[in-house]
1. For the stretch 182-226, take N as its residue count and report Rg(C-alpha) divided by 2.2 N^0.38 Å.
2. Could you tell me what a quarter of the Cα convex hull surface of the stretch 56-138 works out to, in nm² with one decimal place?
3. Determine the percent antiparallel among the DSSP beta bridges restricted to the chain, to the nearest 5.
4. For the chain, which whole-number percentage of the solvent-accessible area (1.4 Å probe, protein heavy atoms only) is attributable to carbon and sulfur atoms?
5. What are the ³J(HN,Hα) values, in whole Hz, obtained from phi via the Karplus relation 6.51 cos²θ - 1.76 cosθ + 1.60 with θ = phi - 60°, for each residue of the stretch 58-73 in sequence order, with x given for Gly and Pro?
6. Would you mind computing, in nm to one decimal, how far apart the modelled labels at ILE11 and ASN137 are, each placed 7 Å from Cα along Cα→Cβ?
7. Taking the Cα atoms only, what angle lies between the long axis of helix 211-225 and the longest principal axis of the chain, rounded to 10 degrees?
8. Hey, got the dipole for the chain? About the Cα centre, +1 on K and R Cβ, -1 on D and E Cβ, debye to the nearest 20?
Amino acid sequence: MEKRRYYNDNIGPLKENEVRAFKKALELCNEIEDITQITLLIHTKRNTGYLERIFGTRNLRDFFRGVKIDEIYPPLKIETVRTFSDNWQGKKIVIAFGLHSHELYKYDNYENVAGIIAHQWSEDSVKDWAKSWEAINLKSETKIGKTMLPDKVVQQAFIDLSNSINMTTGIHHFMDEEQCKTYIRALKKYNYELNSKEILTFLITELDWESDNANDVIKLIEKVNSGGYFIGGAKTGLQHHIKRWKSE
């Protein structure tokens with residue numbers, strides 16, 4: 001089953017919206033088979049205000065070990081960004097409280113996550129992630145517009161890169177990083193727009209890159225977009241790459 005993705009267009013400490021996110025998690029447990037846990041994901045053990053408002057108590061100690069509030073639903077467990085892992089112990093529904101898009105991309109990669117509900121604290125903090133995956137707004141129950149994908153030549157450049165490197169490690173290997181830098185140089189030299197949000201979305205949603213590996217590419221792109229430069233990558237023969245990508 002395809003991963004289910006929702007977001008709460010929330011700003012500030014609004015209990016109504018926090019409860020809405022929690023109720024959606026319960027609904028998903030009824031819709032998706034074999035959910036073993038509802039994970040309440042927060043930044044640190046001190047960021048429990050969201051949950052205190054939902055459950056009407058400041059004593060949440062047991063929730064860090066896992067508790068069942070109803071026999072028909074799986075246990076609830078508070079996890080922090082340091083403790084939550086991709087160890088397979090059954091399918092989970094995650095409510096991410098106050099996380100940002102760059103963090104959500106990471107947890108979206110987890111195979112044990114069957115659904116994510118992103119409850120934002122500040123305006124637009126989850127929108128990049130939501131637009132990448134066309135997540136559903138909890139209040140309006142409509143999909144958010146998807147991030148545009150980059151130019152076809154830019155797409156082909158990163159398809160080429162993806163087919164050439166070890167996707168497990170991304171561009172960590174020297175030769176893979178050199179190839180990535182060469183391709184970025186070629187696209188930049190021939191005036192192709194390198195929109196970091198569009199390329200990140202393309203890498204993650206269309207080419208199945210791990211978010212950390214995709215962000216290594218985005219860092220190089222943002223460096224040249226900001227007027228900086230990097231050492232490495234070929235500086236000659238770049239037109240041949242462009243011609244190949246156009247033909248493909």
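The values are calculated or read from the model by the stated rules, or taken from the named source; none is laboratory data. From a predicted model like this one, the values you see are computed outputs, not experimental measurements. We place every Cβ from the backbone using ideal geometry, glycine too, and count neighbours over all the protein chains shown. Calculation scope for accessible area: heavy atoms of the full protein, side chains included, ligands and nucleic acids excluded. Shrake-Rupley method; radii C 1.70, N 1.55, O 1.52, S 1.80 Å.
1. Working: Rg = 10.3 Å, N = 45, 2.2 N^0.38 = 9.3 Å.
For the stretch 182-226, the normalised Cα radius of gyration comes out at 1.10.
2. Numbers: hull surface 26.3 nm².
Averaging across all directions leaves 6.6 nm² for the Cα convex hull.
3. That works out to approximately 10 percent antiparallel.
4. Working: 6040 of 13070 Å².
That fraction is 46 percent.
5. Karplus-based 3J(HN,Hα) across the stretch 58-73 equals 9, 8, 10, 4, 5, 5, 6, 9, x, 9, 9, 9, 7, 5, 7, 10 Hz.
6. Between ILE11 and ASN137, the simple spin-label model gives 1.4 nm.
7. It is inclined by approximately 50 degrees.
8. Using Cβ point charges on Lys, Arg, Asp and Glu, the chain gives about 580 debye.
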